[in-house]
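Working notes, structure below.
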Amino acid sequence: MLTVMTWLWTQPGGRTDYTAGMVNTWAAMVRRHLILPHRIACVTDIPDGIDPSIAIIAPPRDFEDVRIPTWGSEKPQCLRRVAMFAPDAAARFGDRFVSMDMDCVIAGSLDPLFERREDIVLYQSPPGSLWDGRPYNGSMLMMTAGARPKVFNTFSERGAIEAGKRFRGSDQAWISHVLGAGEAVWNEADGVVWWGRWHPTQNPRLCFFPGYPKPWDLLDDNDWVAQHYRGDRKGRCLVLGYAPSVWMEAERALQSGRFDAVIASPEAAEHWPDRQIMIARDDAHADKLSKGFAEVIWCGRTMAA
């Protein structure tokens, strides 16, 4: 059984806030595009709001407090993911696993990517990007548990600092430093692309969004992203907008029964007891996010439908 997993943690001062709703959307895209026997998991200690169908894996805690001077505090601190290379990783992650960043758009079958039999496959750093010259990008890897244990066994803060001088990044700098070039990779030939290099004439199966923008930032402006970056939109959806009437209208709406999803403005999300499926910047953004639900009930709309 292949484990396909992503990671969710909080990082005060980080440049991006990730949510349970983003995990759910990522998982829905995986489900739509993977036939191979698999389980979907999230490595996290903040499981509230994550769909019950997603397995929760307790975070390993190794190296999560390590910081290197070449990688600013606002950037994602991912050295915790080095734990995937631990000799006993199978006990936590399974015998064979894929780690994927959730800030991606999946538009085609993942089976050709995950049917490969090498003991480790990594996403090649895209040419022409800020990461050009570093062998591997941390957005995705697949491995047999226990492969390349030297990545874990030889880790040290001093070594990570040296790796950061050679390559951009945190865990991906360390992995590239230890493994060097020559491992099996996915790249554009496999339909795996980086948003900054993707051209509209192509039809990639998988697009990653390191840095900016993120896929949820493009839902209003890019039809390809809006078509593919979506959850399993079934049942009833409650939308909480910006108008002062939002809570009076929400009280009435909640009397009508259970909602399967909630979309909220940032202000409303601060007062909602559960983690949100998605945050909407404005009414138009919320309308796009809510497309596909059988019933959408709006509370606090500030613009005409």
- Just need a number here: residues in the stretch 209-226 that are more than 20 Å from Ser139 (Cβ to Cβ), part of a helix (DSSP H, G or I) and touching a residue at least 60 places away in the same chain (Cβ under 8 Å). 1
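One line per residue, one yes/no per condition, for (1) of a type outside the set (S, T, N, Q); (2) at pLDDT 95 or above; (3) under 16 Å from Arg67 (Cβ atoms):
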position	(1), (2), (3)
Gly146	yes, yes, no
Asn153	no, yes, no
Ile161	yes, no, yes
Arg166	yes, no, no
Gly169	yes, no, yes
Trp174	yes, no, yes
- Restricting attention to helices (runs of 4 or more DSSP H) lying wholly within the stretch 125-188, give those where 3 or more residues are on the phi > 0 side of the Ramachandran plot and in contact with a Ser or Thr (Cβ under 8 Å, 6 or more places away or on another chain). none
- Message: With the structure loaded, tell me whether Val239 is surrounded by fewer than 19 Cβ atoms within 10 Å (Cβ to Cβ), touching a helix residue (DSSP H, G or I) at 6+ places or on another chain (Cβ under 6 Å) and not in a loop (DSSP other than H, G, I, E, B) or whether it fails that test.
- Response: no
- Selection from the stretch 149-200 of residues that are β-branched (Val, Ile, Thr) and over 22 Å from the mean Cα position of the chain (by Cα): Val151, Thr154, Ile161, Val178
- Query: Of the residues that make up the stretch 98-114, is at least one free of Cβ contacts under 8 Å to residues at least 12 places away in the same chain, assigned to a loop (DSSP other than H, G, I, E, B) and either of a type in the set (D, E, K, R) or under 21 Å from Ile161 (Cβ atoms) (or both)?
  - Reply: no
- When the stretch 247-257 is checked residue by residue, the ones that are touching a Lys or Arg at 6+ places or on another chain (Cβ under 9 Å), on the phi < 0 side of the Ramachandran plot and not polar (S, T, N, Q) are Glu249
- Item | Among the candidates Gly164, Gly169, Gly196, Gly191, residue that is under 21 Å from Val30 (Cβ atoms) and surrounded by 14 or more Cβ atoms within 10 Å (Cβ to Cβ) | Gly191
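The values are calculated or read from the model by the stated rules, or taken from the named source; none is laboratory data. As the structure is a computational prediction, the values presented were derived from the model and not from experiment. Reconstructed Cβ throughout: ideal geometry from the backbone, glycine too, with neighbour counts over all protein chains shown.
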